[in-house]
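Here's the structure, in structure tokens; my notes come after.
The values are calculated or read from the model by the stated rules, or taken from the named source; none is laboratory data. Worth saying up front: this structure is predicted, and the values here are computed from it rather than measured. Virtual Cβ from ideal backbone geometry, glycine too; neighbours counted across all protein chains shown. Just the protein is used for accessible areas: all its heavy atoms, side chains included, with ligands, DNA and RNA removed. Shrake-Rupley method; radii C 1.70, N 1.55, O 1.52, S 1.80 Å.
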Amino acid sequence: MRGRYASLTVVSTATNFIMEQGDGSTRTYRTYMKPRESGQLELRFWHSNSVDSTWDVGSVAKGSMPGGAWRIEAAYAADGGMGRDGQVVPGTSVQITFDGKSGKEVAPGETFWSDPVQLELPDGHDLAFTWTIRTLSPGKSVPYNTEGLLVSAYEAEGNLTDDELGTAFMPAENRLVMPAFIGYARPVKQRMIFLGDSITQGVRTAKDGYDYWVARIADGLSPDYSVWNLGSGWARAYDASADGPWLAKAAKGDVVAIALGVNDIDIGARSSRELLDDLSAIVRRLKQREDGTKPRIILFTVPPFQFYRRQGRGMAYRQ
């Protein structure tokens, strides 16, 4: 995805929630991810300061909601080793910069890239990404993903980005605070994007197990095929059909697999006709690229649910 950079991880970093605090704070977040390739890597990080999809009934976070104003105090990439215990391999931390600066002021709804950095990851070692975020004022600020965590992640009060020992870090429970895209410089044959809900994201599979279906598909493909997981818990088709930041991410794929619909009919209380209209709108917009190219679209959903009355009317499933 995104220019000359392929997705390094199959972990979804789509956002479905947003921080909301009574006053400002400074907090450090460290996350461990299994890379699809190891060795000498040129890394680059891209971020979108918006909520991708609606959480629950949308009382706190709705799809396409812009994030607030906040600041990146510092960010580092490092060899995370194999322990996933809050530490990184000493001496491997590389500072990430933004237009040559160690920090960045982030505006509501902004998208931005980091500068490229070089990092060597031995085979079998994780990438550890650490950044310190300062929220500037009360109210909504940083979008993130809330669910049962699929990877090991840690948090600490204050600016501890360059703390390689991680003694002050505590395990995160249900808050994954990450850039939207973790890329590495690599030519690929196709860029595959998976746009879906919690099933696509991998919720209810083992932490650090990479046992969800997107991860298994990636394992069956060579790294010549970039795989970007945009699965998001509670997501529904009308979040994507609104043509906001979430769909904009998917629009860059050569192949886009869309697995949406269960939450629309359930918590979204949409009729089958409304869902079909939303799915049609997603497909139509994905094919309206300015460069004239059209992605291959794979459309499916999860059938084994018992719906009643008008919910399932017009929806045909085959075993």
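The single residue among Ala257, Ala237 that is under 19 Å from Phe17 (Cα atoms) and out of contact with any Pro (no Cβ under 9 Å at 6 or more places or on another chain) turns out to be Ala237. Those strands (runs of 3 or more DSSP E) of the range 14-107 in which 3 or more residues are in contact (Cβ under 8 Å) with a residue 40 or more places away in the chain occupy 17-21, 25-33, 39-48, 70-81.
Out of curiosity, is Arg270 touching a helix residue (DSSP H, G or I) at 6+ places or on another chain (Cβ under 6 Å), open to solvent by 10 Å² or more (accessible area, probe 1.4 Å), closer than 28 Å to Asn174 by Cβ and at pLDDT below 95?
Details: touching a helix residue (DSSP H, G or I) at 6+ places or on another chain (Cβ under 6 Å): yes; open to solvent by 10 Å² or more (accessible area, probe 1.4 Å): yes; closer than 28 Å to Asn174 by Cβ: yes; at pLDDT below 95: yes.
Yes: the conditions hold for Arg270.
Of all residues in the range 146-188, those that are open to solvent by 40 Å² or more (accessible area, probe 1.4 Å) and touching a Gly at 6+ places or on another chain (Cβ under 7 Å) total 1.
Within the option set Glu73, Glu105, being at pLDDT 95 or above, open to solvent by 10 Å² or more (accessible area, probe 1.4 Å) and closer than 23 Å to Ala172 by Cβ holds for one residue only, Glu73. In the range 273-308, of all residues being of a type in the set (Lys, Arg) and surrounded by fewer than 16 Cβ atoms within 10 Å (Cβ to Cβ), the one that is modelled with the lowest pLDDT corresponds to Arg289.
Residues in the range 46-57 that are out of contact with any helix residue (DSSP H, G or I) (no Cβ under 6 Å at 6 or more places or on another chain) and open to solvent by less than 10 Å² (accessible area, probe 1.4 Å): 3 in all.
Arg191 satisfies every condition listed in (1) out of contact with any helix residue (DSSP H, G or I) (no Cβ under 9 Å at 6 or more places or on another chain); (2) buried (at least 23 other Cβ atoms within 10 Å of the Cβ); (3) not hydroxyl-bearing (Ser, Thr, Tyr) except (2). Summed over the range 225-251, residues that are touching a strand residue (DSSP E or B) at 6+ places or on another chain (Cβ under 8 Å) and not in a helix (DSSP H, G or I) total 11. The criterion of at least 2 residues that are under 12 Å from the mean Cα position of the chain (by Cα) and in contact (Cβ under 8 Å) with a residue 24 or more places away in the chain is met by the following strands (runs of 3 or more DSSP E) wholly inside the range 143-218: 181-185, 190-196. Figure legend. Inter-residue proximity from the range 108-125: first residues at pLDDT 95 or above and of a type in the set (S, T, N, Q), second residues open to solvent by less than 70 Å² (accessible area, probe 1.4 Å) and in a loop (DSSP other than H, G, I, E, B), beta-carbon distance below 9 Å, spacing 6+ or different chains. Indicated pairs: Thr111/Asn49; Thr111/Ala180; Ser114/Ile96; Ser114/Thr97; Ser114/Pro179. For the range 214-238, a tally of residues being under 21 Å from Leu279 (Cα atoms) and hydrophobic (A, V, I, L, M, F, W, C) returns 6.
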